[in-house]
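Okay, so here's the structure we're looking at.
The values are calculated or read from the model by the stated rules, or taken from the named source; none is laboratory data. Here the structure is a predicted model, which means the values were calculated and not measured. Here the Cβ is made from the backbone with ideal geometry for all residues, glycine too, and neighbour counts use every protein chain on show.
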Amino acid sequence: MSKIGRKEYLTIGLILICTILFAIIHSSIVYRGQEISMSRAFVYFGTSFLGGLMIFGIPIFIIYLISVVYSQRKTKAPIPLIKSIPEEGMKYCSNCGEKIKKNATFCEFCGSKQ
Ligand SMILES: [Zn+2]
């Protein structure tokens, strides 16, 4: 039932942007001035990335879930069935309800006499 739409892309994008920004800022502040090897730097960045994922990923995902539930509840609301007023020279069939010509003696859809 679930399909990937604009909301899903927006959620994933927002989480990734926040997490990457957090990882860059966090690792550059915490490990600033340290003489570290490239592999250690990757480990530090990875740790910061996971931390950022916990900090931003979970709340953004919860907000996303709430918005999905809210929008589903909104669309499930009953839509009132209002029949439009027929156009000039038209009427609705007394049997099937299709729009037919006002002067028609028989319905062109169901064939019932008008
Ligand atoms: Zn009819």
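Could you check how many residues of segment 97-110 are surrounded by fewer than 13 Cβ atoms within 10 Å (Cβ to Cβ) and within 6 Å of the ligand (Cβ to nearest atom)?
Matching residues across segment 97-110 total 1.
I want to confirm something. Restricting to segment 57-113 and keeping residues that are of a type in the set (Phe, Trp, Tyr) and assigned to a helix (DSSP H, G or I), which single residue is modelled with the lowest pLDDT?
This residue is TYR70.
Could you tell me whether CYS18 is touching a strand residue (DSSP E or B) at 6+ places or on another chain (Cβ under 6 Å), surrounded by 13 or more Cβ atoms within 10 Å (Cβ to Cβ) and modelled with pLDDT of 90 or more? Can you show your working first?
Numbers: touching a strand residue (DSSP E or B) at 6+ places or on another chain (Cβ under 6 Å): no; surrounded by 13 or more Cβ atoms within 10 Å (Cβ to Cβ): yes; modelled with pLDDT of 90 or more: yes.
In short, no.
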